[in-house]
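Novice: Have a look at this one before I ask anything.
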Amino acid sequence: MGGAEYVQQALAGLGQAAGDGVDPALPLHATTFVVVDLETTGGAPDGGGITEIGAVKVRGGEELGVLATLVNPGVPIPPFITVLTGITQAMLVSAPPIEQVLPSFLEFVADAVLVAHNAPYDVGFLKAACARHGYRWPNPRVLDTAALARRVLSRDEVPNRKLATLSAYFRTATRPTHRALDDAKATVDVLHGLIARLGGHRVDTVGEAIEFARAVTPTQRRKRHLADGLPKAPGVYIFRAADDRPLYVGTSGDIATRVRSYFTAAEKRARMSEMLAAAERVEAVECAHSLEAEVRELRLIGAHAPPYNRRSKFPERMVWLKLTDGPYPRLSVVRSLADGDEGYLGPFGSRRAAELAAAGFHDALPLRQCTHRLSLRTVTPACALAELGRCPAPCEHRITPGEYAARAVDPFRAATATDPGPVVHALLARIGALAADQRYEEATVVRARLAAVLRATVRMQRLTALAGIAELAAARPAARGGWELALVRHGRLAGAGVSPPGVHPRPTIELIRATAETVPPGPGPVPRASAEESERILSWLERPETRLVEMSSGWASPVAGAARFRDLLSKIESAASHQLSTERP
């Protein structure tokens, strides 16, 4: 393994969430801190290079213990390090190597918050040493006094945030000397001086102190109270403005924890900062389980179109491809379907996606593309497509309505409802012919149309299979015992609940059924919900651990349906993604 690669792996995870050893809500005066300082040979943390460790354990201003030792790094000490620290090669000959020191150090820091001045440097060396010698890094919560000083002290008070400068400002009992224990003791006094200043910033707990030391904006600090009192339960949270207008809707398995994260340094999105500035309160809607939370989120976003939600805001913009009425039907993009409509495909997220799929059907089937209203009695002049052989010219009655239906209309209906195979094979043949003629750009266009056809047919056939079931009850094991229950009617979540552990879920299902939403069937096999809601339900139902309890009718997909082309669709999308990545500068 190369050195650079090892350093990269050793440092991985330094920014990850800390372990659960110290409760972030613990008051600062009741928190145990281990203040550590290292002397090293310099360079990057690669698992070695530590020459001295000094650590002081304190709580409530009282010193609880001290750990100090020289460490043999196994390599010569550079002369400038000796000049800086006073540590010579002779002093380290009898010192233990780092692998013998680590067990004692890790025991010393257990269940404590680790404190260091410029903590990434010290923690990086310690974590790399653990990685090299096979010790598990406990991932403690870390407080950086240098970062904390940047937040607490102004330039008028101190010109910089060096340890020596802060030591002089706080008049520490021990002055830093570039020796580990002295510097650790000086950092202890600096820590206490900084904690004394935190009260004016309404920072009282260790979790708040760690977040305060990070790059948290004034708005985040000022609005942190919006997360108070929220439930630690699955559900939906809504940030609301002063006029009660929804600004942002989200979902989480733990509402309180998720909302608090918006007021930490981990939240760096500019639009979220703008949203927090306008937010005045957070409303929580508890849900039985994650599926109900996801569905409620989609419905709230669709109903209110919050300005800071980017996705799922306009379900009414979904469109369909539908065969028009008349003797020679054509494909038309429509926004809704009505009772009695036959021959359609969708829904599509945009008109452009629908038109791309329509172009695929036009490549495979002799569907007319003109928008004229044709008559069986009156002849209309043919367009250029008829001259090119791309249209059978029903406008000039060159084809009878029966022949047109057999060659164009019926294959479209079959492709959308049962088997898209003939359309798929026709498009594949066209792609092959174009590629054989080295017309690769045109072949790429047809490939994109084929992908649009497959995406739409796979999606619709999955949705219609679920929407055709008047009522379906399903159960999934809950994390804390019992069962998560869902009642689905015509593709819409009509009710949800959780049965208690050790209790048969049947009574809970009956209670859900009695209070569930009444859902009538849609026009044809169309879900009575947004496509996204039905797809979330499908994902939940298709999990291996989910059990189908009851169904009013069978749940089935066509044997020769679009799902058999999923592998082909994946290959097409992968090829398109690869082509796009290679074309970017």
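Novice: At 222 nm, what helix-only mean residue ellipticity would the chain give, in deg cm²/dmol to the nearest 500, using -39500 (n - 2.57) for each DSSP H run of four or more?
Specialist: Using -39500 (n - 2.57) per qualifying helix, the result is -12500 deg cm²/dmol.
Novice: Helix 290-304 sits at what angle to the longest principal axis of the chain, using alpha carbons and giving 0 to 90 degrees rounded to 10?
Specialist: Rounded to the nearest ten degrees, it is 70.
Novice: Which of the peptides 383-390, 223-230, 206-213 is most tightly packed, and how do the rest follow, judged by the mean count of other Cβ atoms within 10 Å per residue?
Specialist: The peptides rank, most packed first, as 206-213, 223-230, 383-390.
Novice: Would you mind checking the tilt of helix 119-133 against the longest principal axis of the Cα atoms of the chain, expressed as 0 to 90 degrees and rounded to 10?
Specialist: Its long axis makes an angle of about 80 degrees.
Novice: Right, something else. Give me the lysines in straight-line cross-link reach of Lys322: C-alpha distance below 30 Å, same-chain residues under 8 apart excluded.
Specialist: Straight-line reach from Lys322, under 30 Å: Lys313, Lys571.
Novice: Considering only protein heavy atoms and a probe of 1.4 Å, how much of the accessible area of the stretch 69-136 is carbon and sulfur, as a whole percent?
Specialist: Taking all protein chains in place, the stretch 69-136 shows 61 percent carbon and sulfur surface.
Novice: Listed highest first by mean packing, meaning other Cβ atoms within 10 Å per residue, what order do 76-82, 238-244 come in? Walk me through the intermediate numbers first.
Specialist: Numbers: 76-82: 13.4, 238-244: 15.0.
Highest to lowest by the protection proxy: 238-244, 76-82.
Novice: Could you look at the stretch 293-361 and say what percent of its accessible area is carbon and sulfur, using a 1.4 Å probe and all protein chains? Working shown, then result.
Specialist: Working: 1540 of 3440 Å².
Roughly 45 percent, rounded to a whole number.
Novice: Is the stretch 298-434 rounded, prolate or oblate when judged by the Cα gyration tensor, a ≥ b ≥ c being the square roots of its eigenvalues, rounded requiring a/c under 1.5 and prolate requiring a/b larger than b/c?
Specialist: Prolate shape, in that a/c is at least 1.5 and a/b is the bigger ratio.
Novice: Calculate what fraction, in whole %, of the accessible area of the stretch 167-248 sits on carbon and sulfur atoms when a 1.4 Å probe is rolled over the protein chains.
Specialist: 49 percent
Novice: Return one number: the angle in degrees, 0 to 90 and rounded to the nearest 10, between the long axis of the Cα atoms of helix 566-583 and the longest principal axis of the Cα atoms of the chain.
Specialist: 60 degrees
Novice: While we're on this one: Using +1 at the C-beta of Lys and Arg and -1 at the C-beta of Asp and Glu, which of Thr85, Pro159, Thr380 has the Cα lying farthest in the positive direction of the dipole of the chain?
Specialist: Thr380
Novice: At a 10 angstrom cut-off on C-beta neighbours, averaged per residue, how do the peptides 424-430, 297-303 rank from highest to lowest?
Specialist: Top to bottom by mean Cβ count within 10 Å: 297-303, 424-430.
Novice: Then there's this: Could you report the chain's accessible area per residue, 1.4 Å probe, as an integer in Å²?
Specialist: Averaged over the residues of the chain, the accessible area is 49 Å².
Novice: Stretched out fully, how many nm does the piece from Ala68 to Leu84 gain, at 0.36 nm a residue minus the Cα gap?
Specialist: 3.9 nm
The values are calculated or read from the model by the stated rules, or taken from the named source; none is laboratory data. Note that the coordinates shown come from a computational prediction; the quantities given were computed from them, not determined experimentally. A quick note on method: Cβ atoms are made from the backbone with ideal geometry, for glycine too, and the neighbour counts reach across all protein chains shown. Accessible surface is based on the protein model in full, side chains and every heavy atom, while ligands, DNA and RNA are left aside. Shrake-Rupley method; radii C 1.70, N 1.55, O 1.52, S 1.80 Å.
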